[in-house]
Amino acid sequence: MYTGHWEDDKRSGPGKFTFACGDAYEGNWKANMYDGHGKYSSPETDEYEGQWQDDKMHGYGKYLFRVQGDVHEESPVPAAALPPAPRPPHPAPAPPPPANCYACSNGPPGES
């Protein structure tokens with residue numbers, strides 16, 4: 001479910017998308033993509049808060065590897081250290097999640 005600003009039928013500006021599995025992205029959007037400052041969190045897996053550009057973690061950010069309890073924080077966050085960011089579908093809400101909640105997205109950024 002998405003709550004926030006829209007522009008030309010696309011998520012734009014501040015908003016929050018909550019996946020059916022409980023994962024959520026809250027932050028800035030640009031043309032349906034994570035862009036600017038935002039936070040992706042999951043009640044059961046990893047969490048990232050920081051800068052995004054074109055649906056990718058970009059620039060300064062803090063990544064919490066929840067299972068290990070490790071925190072990776074620097075600028076820029078190395079892409080190799082991070083999994084791809086899940087994306088919500090547009091405009092329909094996400095389908096019911098599979099057993100592994102973190103994989104409840106429609107795949108890596110850029111894929112539908």
- Item | Residues that are more than 14 Å from residue 56 (Cβ to Cβ), of a type outside the set (D, E, K, R) and touching a strand residue (DSSP E or B) at 6+ places or on another chain (Cβ under 7 Å), drawn from segment 10-27 | 12, 13, 14, 15, 17, 18, 24
- Scanning segment 29-56 for residues that are polar (S, T, N, Q), free of Cβ contacts under 8 Å to residues at least 60 places away in the same chain and buried (at least 16 other Cβ atoms within 10 Å of the Cβ) gives 32, 41, 45, 51
- The strands (runs of 3 or more DSSP E) lying wholly within segment 8-112 that contain at least 1 residues that are at pLDDT 80 or above and polar (S, T, N, Q) are 10-18, 24-30, 33-41, 47-53
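The values are calculated or read from the model by the stated rules, or taken from the named source; none is laboratory data. Given the structure is predicted, the values throughout are model-derived calculations rather than measurements. Cβ coordinates were reconstructed from backbone atoms using ideal geometry, including for glycine residues, and neighbour counts include every protein chain displayed.
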